[in-house]
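Structure, as structure tokens:
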Amino acid sequence: FILNAVSFLATIVVLYRWRRVRRASQLPGERLVSATRAGLRYARNAPELHAVLVRTIAFMLCASALWALLPLLAKHEMGLSSSGYGILLGSLGSGAVAGAGILPRLRDRLSADARIGGATLVFGLATLAAGYVSNLALMCALMAAAGVAWMVVTSGLNIMVQACVPPWVKARALATYLLVFQGTLAVGSLLWGLAAERIGDPATLTAAAIGLAGGIAET
């Protein structure tokens with residue numbers, strides 16, 4: 001954790017030295033409380049933003065199962081140590097990096113709906129298979145595929161939010177999206193953890209995978 005904290009120093013230095021050109025806004029200034037209220041009021045009354053938030057909830061509620069149960073899979077189902085769990089997380093991260101690399105090509109060939117739907121299906125299949133795989137190499141491959149899908153879905157939803165709102169409220173719409181994103185991840189992790197205590201990890205991941213498939217059909 002100390003090393004992780006120190007690693008942020010480079011980012012802090014870059015941000016401190018960044019000389020961004022600021023464009024003067026033509027809109028009057030707003031105070032924090034009134035600006036927050038305006039942003040929430042917009043979020044309540046914008047159908048396009050509602051649609052993206054519903055898709056975010058549908059994905060995150062079920063996708064959180066894999067993040068929540070991966071430590072249990074590593075320890076109890078696969079008998080791995082903390083370093084083995086780190087390898088699985090590293091595979092997820094490597095997949096996410098690879099996903100960022102192929103995103104430009106996917107955007108040229110597929111619509112946002114097709115990208116998000118296909119990536120959701122891939123993440124669901126990886127979630128389903130993770131409950132029944134005990135081989136480390138195969139599990140790493142599944143996690144890498146899940147990482148690619150995670151990046152494609154989350155970046156796609158982020159772009160959708162930015163595309164469907166006007167510039168004056170874009171930052172507040174993104175803040176609302178992140179609140180829904182992180183909040184659903186936390187709530188979903190709790191619910192899937194409770195489910196795993198009662199029906200076991202494989203059955204819980206199967207239910208989550210079915211939920212992801214159902215989310216594609218609904219959205």
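The values are calculated or read from the model by the stated rules, or taken from the named source; none is laboratory data. What you are looking at is a predicted structure, and each value in this text was computed from that prediction instead of being measured. Reconstructed Cβ throughout: ideal geometry from the backbone, glycine too, with neighbour counts over all protein chains shown. Just the protein is used for accessible areas: all its heavy atoms, side chains included, with ligands, DNA and RNA removed. Shrake-Rupley method; radii C 1.70, N 1.55, O 1.52, S 1.80 Å.
Just a few scattered comments:
- Across region 90-219, the mean sequence separation of Cα contacts (distance under 8 Å, 6 or more residues apart), normalised by length, yields a relative contact order of 36 percent.
- A simple rule links phi to the HN-Hα coupling: the Karplus curve 6.51 cos²θ - 1.76 cosθ + 1.60 with θ = phi - 60°, which for region 55-65 gives 5, 5, 4, 4, 6, 5, 4, 8, 5, 5, 4 Hz, with x for Gly and Pro.
- Degrees between helix 2-17 axis and first principal axis of the chain (Cα, 0 to 90, nearest 10): 20 degrees
- Taking a ≥ b ≥ c as the square roots of the eigenvalues of the Cα gyration tensor, region 36-118 is oblate, since a/c reaches 1.5 or more and a/b is not larger than b/c.
- The packing ranking of peptides 113-119, 189-195, 150-156, 40-46, highest mean first, is 150-156, 113-119, 189-195, 40-46, where packing means the average number of other beta carbon atoms within 10 angstrom of each residue.
- Mean projected area of the Cα convex hull of the chain, taken over all directions, amounts to 14.9 nm².
- Couplings for region 41-53, taken from phi via the Karplus curve 6.51 cos²θ - 1.76 cosθ + 1.60 with θ = phi - 60°, read 5, 5, 4, 6, 10, 10, x, 5, 5, 4, 4, 5, 5 Hz in order; Gly and Pro are left as x.
- Carbon/sulfur fraction of accessible area - the chain, other protein chains in place, 1.4 Å, %: 67 percent
- Heavy-atom accessible surface of region 75-130, averaged per residue, reaches 53 Å², computed with a 1.4 Å probe.
- Prolate/oblate/rounded label for region 63-162 (Cα gyration tensor, a/c 1.5): prolate
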